[in-house]
Structures are given as structure tokens and as C-alpha cells.
Amino acid sequence: MMAEQNFFLSDDTSEWWGDDARMTSLFAPFRDRALNPQGWESKLSFWSAMVSKWCEKKNRVSFTLDDLNKDFIRNGRIPECLLTVLEELQRNKCILQPSMFLKTCSVSDSWRGWMFDTVVKKPVAWTFGKMKDMVITSAITPQTPFVHVPAIKAQCEKIISSAGEELRGELMDIQTLLSSCGIANVPSSDAMLIAYYLQYQRYAAVDDQTANKTNEPQILIKLRTATMKQRPSISDVDRGIYTLSCNEKALIHYLERLEKEKQDTINQAKAYLAKGMRATAKSCLRKKKELEKVIDKRSSALDNVQVLLARIRDASSDSQVFESYRVGVAALKQTFKAAGLTEDDVANTMDDVKEVLDTHNEIQAILAEPVDSTTDEGLEEELCDLLAEENTPGPGSGGNLDESDKDLQDRLKQLRLNDSLPLPGNEITPSLPSTPRGVTLGDLPDTPINLPTPEV
């Protein structure tokens, strides 16, 4: 027999779902644990995993026994063991009742009272009305709500990992945040639980004072930015920006509706004109003009709202810049203080540096003085005498000459080559001068004297 396919279950939900014999055993009530401890634990593990998969696939963090029975029907049969499974999960604190969960998260009394009235008091009253003639054997009823702790942790981790910077630091509706993070079709009760668990983990702040027209709490949340180390806080400025943003969206939506209505009126006027109904067409045009006036007014209001939002965001940015400056100045002052840097200390230190440098220069000058106390005046006079002696010309130079040197010089000047000397072969006895003179080149014979040839 083929097992019927549930809309929630798929082929990868469990490898045993198509096994009739195995599923018959798993759908049966739990037997005494002492008879088969291993089988008992195996059955509990199977259904615990199935509950976790149910929460994951349906984006739910809370459920009742009835919710599980509706989706776990197989061949027209519901599991008869889920009550025991829920009791064990509750004992292990894997699931908690909403009141206990909110108490753990330290939620205010107003929210706890609303949650208790919405998901605890009314379902329990209905259950007791249906079972007034029956003996209640367990504290868990088909309408008792539970919060699945691993599922809510997984959802919060998904929000933190997928939320971009544009979603952080700004107050918004929890449903807007969930849809932006890819978590859709989440009941309001589950969304509230997720919001308060994020606040409990210091990832967000929740506004629990705003209510919409249905008198149900409107869950507003503000995620912590990357620069924040602690849980953020919600200020009146955040609420004002959120209100302006909601008004902006409402005005845009209203203007879109007016533009569509205006276009429909124009089309109607054309249709009436084509039919020859000029009066009706004129009426449509009058309506169009009234719509245009309303559009102009709402457009002006939208412009004002957008200008206010832009100014507020600019002011917020300016405040962040100012805060950065303030923190930077404080850090710089602290650095100066820790290093002992003050204007007077720096000036005094620089004066000390100049004084030390002057002292150093004086010391260097003193160290450069000669150790010997004798003077160099006598040495300088002796050097001058030596230079004078070197510059004095010797004999034969152009300096001062005595009488014998002058006579010799005069005789050398008188020596001249005689162009009328006889050629070789003509022997002419030269006349001797009347005065003795020195031997010159002219006194040497023109032909070499025959000298004996040396023997080889």
C-alpha cells in the first residue's frame, strides 16, 4: 500500500516514511521503556527530528499538538506517540511554554500578559470547554502551545547573518525585517517570540508600547549595528523616523492609487466620448481635475515628509561625525596626558636641548685645543728665513753678482759666431785677442782628431 504524500513531507524528510511496517511501529504509542530501552530512544529521536524539520520547513518556532497531528497524518492515521514526545522534549527543555519562555527572556508584564491571553488563556479555556466531561490525565492538551528553542535559535542566527547594514540601526516592523531576511509567512506570535529572543541575546531592542488599530501589539525592532558592542536602545528620534517613514509609504501608496484612478477616469471619458455621451465625458474630466488637485496636495505633503526624513538622517550623520571628533579629541588628550606632553613641558624641554647643545659645542672647542703650552712664534720666524734662503739666486742666476761674475758674463756676451770663418781646408791662423779670454766652442777644431781605433 502506497503511503499518501503530505504537503509538508518530502522524499528527504525521512527514509522510513515509505516503510509501512516501520511507520506502523513509529505511529504506535510508546511501550514501557524498561522493556526495550534502545527501541524507545530510537523512536524518541525519530520524532524529535521530525518536529525540528517541521519547524524548519514551515518557518515556525511555536506549535501545538494539533498542529503536528494535522501535518503528520499518514494513511488517515495520526501519530499516537506525540504526546509522550512533547513531554520528553519539555522535560529536556528543548521546548518551553510561551509564558516560561518570555519569563526567561525577561519580557515586561504587559507583553507577557498579552502573550498569555493570546496563546495560553484562550486556547486552554476552549480546550477545557471541550473536555469538561473528561478526566485530564496530562498537563499537555492538544491546544497547549510550545516554543521550540532550537528552531528559534536557528531563525535568530539566520536573521543576524543575512541582515545587511541597511536593516541595522533603524526601527522597523518585525515582519519587514523577517521578509527582508527571507523568512516569510511567520505568524505574529512567532514573530514576537523571535524579536524578544533577539533582544535577550542583545542583538536587538524591541518597542513594546506601540499598538495598531486592532489593539494588538505592533512589534517594532531595532537591530544592533556592527560598531555597537551592547544592545541598542530605542529613542524618541527612532520612533519619529519610523512614523515619518510609515507616512511616506502611506502617501506613496495613496498617490499610486490616485494616479490609477485618474488614468481610469481618462479612459472612461474617452469611452463615453466615443459613444457620443459628451456630458458624461465632461463629468469624468471634472473628476479628473479634482483628482489632480488632490494629487498635487498629497505630492506636496510627500515632499515635506521626505525633506524632514532627509534632514533627520543628515542630522544623525552629523551627530555621528561630531561624536567621532569628540572621541578623537578625548583620545588625543588622553595620549598626551599619558605621555606627559604639555605645552610648557615641551617648551622647557626644547630650551634644555638648546642649552645642552651649546654646552656640547663649548666642550668640543675646549677638547680641540693643543695640549703643549709652547708657542709657534719662533718656528714661524725660522720658516720665513728658510723661505728667504730658497729665494736667494745662486751664482750664474739672475740675482746679485760679484765683480768676477760680472766680468765673465760680459765676456760671454761678446762671443759671436763669425760668418767669415774659413771653410774646411783653408787654414787661417786666427788672431789672438789682445786680452785673455776663456775657451769657447770656436776654439775647437772643425775636423775630429784621428783617434786610434780600438781593437775588437
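The values are calculated or read from the model by the stated rules, or taken from the named source; none is laboratory data. This is a predicted model, so every value here is computed, not measured. Cβ coordinates were reconstructed from backbone atoms using ideal geometry, including for glycine residues, and neighbour counts include every protein chain displayed. These area figures cover heavy atoms from the full protein model, side chains too; ligands, DNA and RNA do not enter into them. Shrake-Rupley method; radii C 1.70, N 1.55, O 1.52, S 1.80 Å.
Points worth noting:
- For region 206-341, diffusion coefficient by Stokes-Einstein and Kirkwood Rh (Cα), 20 °C, 1.002 mPa s, µm²/s: 107
- Charge dipole magnitude, Cβ of K and R +1, D and E -1 - region 165-295, Cα centre, debye nearest 20: 940
- Fraction of the pair-distance distribution of region 271-332 above 16 Å, Cα-Cα pairs, percent: 69
- Region 228-314, accessible area per residue, ligands and nucleic acids excluded (1.4 Å, Å²): 71
- For the set K58/K222; K249/K289; K249/K270; K260/K288; K58/K158, the pairs lying more than 21 angstrom apart at their alpha carbons are K58/K222; K249/K289; K249/K270.
- Rolling a 1.4 angstrom probe over the protein heavy atoms with all chains in place gives region 319-366 an accessible area of 90 Å² per residue.
- Nearest-20 debye value, region 242-281 charge dipole, Cβ charges on Lys, Arg, Asp, Glu: 260
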